[in-house]
Amino acid sequence: MIITKRIKQLHQLVFDFSHDTNALEVAFEENKKLAEWTVKYNIVKLQFVLTKKETVLCPVSTLFCRIYLGKNELFFYHIPEIAEYLEPDNYKCYYFPYIESEERLDACFSVLAAFLKKHYGKINEMAKSAEMSSKIKEEKQKEVIRLFTQKEPEKELPEVILYGYETYVLLPRYAADSTYREFLCGEYEKALQLYDKMEAKGRLTNYEMRLYAFIKELKTSYEALPDECNTLLDSREVTSPSAEGKRILRAAIVCELVLGMLFSAIVAVVNAILSSGTVYYLGMPWYVGFLFAGVPAVFGGIVLRNGIGKQTSTFDKLINPAWAEPFARIVFVVALGGMLFLCFCLSFASTAFYKEHMTYNEGEALLPTEITTCYYAELKQVYYSEGVYNDYGDSINRPAYLFEFEDGTVWNSDGFTSVKEVEEHILPIVDSYYKQIVRIKARNELIE
């Protein structure tokens, strides 16, 4: 929706620009990735481009310009590639990522329009001069070969190579999160350190070489990007993985605490009801509720990363697809409902000891309807098991007590409580119903 509005706005801005500069015609094309406005003149051609999708190599809603030194030319230049011949001391930024509002687009487009209007005459003169236009083209071809293709073409660089160079070199360096962005944000020392490494490897563009030398001599701050065009700081909370991660983590912790108390309350209420009238009760510890809260808390952190009650930020809406936020909310609601149901059902996995009988639910069935009742008078034997064999025949040292009843029912303390708790609280309840405790090495035959 935001991109659609910006494209509609750009239609008018480009039309006004073409009218002011006496253009011959304006053509518009778009695909899934880009929207392009081509403005043709008697000699040259200008092209305004807006990106429509967020990628690793270039941000969404990035506005930039291509310059063609011939209205029928396929060979184009970005402003930094041609600025050396127009205004060599100009290191202003002419790439504008994350344009999120009408006011921002007006400001950014006006910067491009001002540069192009100011140098329109010079651009025409360069286009008329076969010597100058050939020199500029030759310099760019050398740069593309050095940084991108690594080999000389048979003839002129094909159009696909030019667009590839734009996609994989120019836009990542000047529009995405890069060394150039450090310069734009005033982090000159950091920018120099990064350019040092690139220069040592021979990986700087011609423009970056001049910018590198300029930063070295810079004594005061340089406004490369006007405040009204600067989305870098405003969008950093959304575009920076670390900042986004911190916001999600903070929200997830809050969700875990709030939901953990809710889940724990459910466990506590179930325990209170089931333990009513018992001599001793073994149920799920109340604090296990915080474990159940973990899954919905993660998705809750994603949904509530911008703060409870706050609207999703414009940059969030711009960067993320329209379905992402509703999908995250649906997953959160499903996870919350599912874990609430699971927590409630598993809270019934318990053992209750009364004066003359015991009841237990092993929790193997999801719905807590299978409750087994055993009377102490029918207690056949009490076993102490030293361990259990796993499926591979390995002995697992995990002791437990087992109560075997006359009907073949066997209650296994493993999974309900510890040996120590059985000895301290449960055996005294049934001590008059058995003669001695039988010690066995493994309990597999009793529980299978």
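The values are calculated or read from the model by the stated rules, or taken from the named source; none is laboratory data. In this text the structure is predicted, and so the values were computed from the model without any measurement. All Cβ positions, even for glycine, are placed from backbone atoms using ideal geometry, and neighbour counts span all protein chains on display. Quick note on the areas: whole protein, heavy atoms, side chains included, nothing else; ligands and nucleic acids left out. Shrake-Rupley method; radii C 1.70, N 1.55, O 1.52, S 1.80 Å.
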Next item on the list: Any lysines with Cα under 19 Å of the Lys128 Cα? List them, leaving off those in the same chain fewer than 8 positions away.
Entry: Lys40, Lys45, Lys71, Lys117, Lys118, Lys137, Lys140
Check: Out of residues 5 or more away from His357 or on other chains, whose amide H comes under 5 Å of its own, with H placed 1.01 Å from N in the peptide plane?
Finding: Tyr376
Checklist line | Computed Rg/Rh of the chain, alpha carbon atoms with Kirkwood Rh | finding: 1.27
Next item on the list: Quote the convex hull volume per residue of the range 127-281, based on C-alpha atoms, as a whole number of Å³.
Entry: 258 Å³
Check: Using modelled amide H (1.01 Å from N, peptide plane; none on Pro or chain starts), what sits under 5 Å from the amide H of Tyr280, excluding residues fewer than 5 places away?
Finding: Phe353
Check: Which whole-Hz ³J(HN,Hα) couplings does the range 213-228 yield from phi under the Karplus relation 6.51 cos²θ - 1.76 cosθ + 1.60, θ = phi - 60°, glycine and proline marked x?
Finding: 5, 5, 5, 4, 8, 6, 9, 10, 5, 10, 7, 7, 9, x, 4, 5
Check: Taking the mean number of other Cβ atoms within 10 Å as a proxy for protection, how do you rank 144-151, 430-437 from highest to lowest?
Finding: 144-151, 430-437
Next item on the list: Report, by chain and number, residues whose modeled amide H sits under 5 Å from the one on Ile437, excluding near sequence neighbours (fewer than 5 apart, same chain).
Entry: none
Note to self: Using only the heavy atoms of the protein chains and a 1.4 Å probe, how would Asp20, Asp196 rank by accessible area, largest first?
What the structure shows: Asp20, Asp196
Note to self: Quick check: with the 1.4 Å probe, what order do Lys190, Lys32, Lys420 take by accessible area, largest first?
What the structure shows: Lys32, Lys420, Lys190
Margin query: What are the ³J(HN,Hα) couplings of the range 412-419, residue after residue, when phi is run through the Karplus curve with 6.51, -1.76, 1.60 and θ = phi - 60°? Round to Hz, x for glycine and proline.
Written below: 10, 5, 5, x, 9, 7, 8, 4
Next item on the list: Assign unit charges at the C-beta atoms only (+1 for Lys and Arg, -1 for Asp and Glu), then state the dipole size of the range 1-108 relative to its Cα centre in Debye, rounded to the nearest 20.
Entry: 440 debye
Checklist line | Heavy atoms of Ser134: accessible area, 1.4 Å probe, square angstrom to 10 | finding: 70 Å²
Next item on the list: Work out from phi, with θ = phi - 60° and the Karplus expression 6.51 cos²θ - 1.76 cosθ + 1.60, the ³J(HN,Hα) of each residue of the range 352-367, listed in order in whole Hz, and give x for Gly and Pro.
Entry: 10, 10, 9, 5, 10, 8, 9, 10, 8, 10, 6, x, 6, 8, 4, 7
Next item on the list: Calculate the dipole size of the chain relative to its Cα centre from +1 charges on Lys and Arg beta carbons and -1 charges on Asp and Glu beta carbons; express the result in debye to the nearest 20.
Entry: 1460 debye
Item checked: Accessible area per residue, Å², the chain with all protein chains present, probe 1.4 Å -> 53 Å²
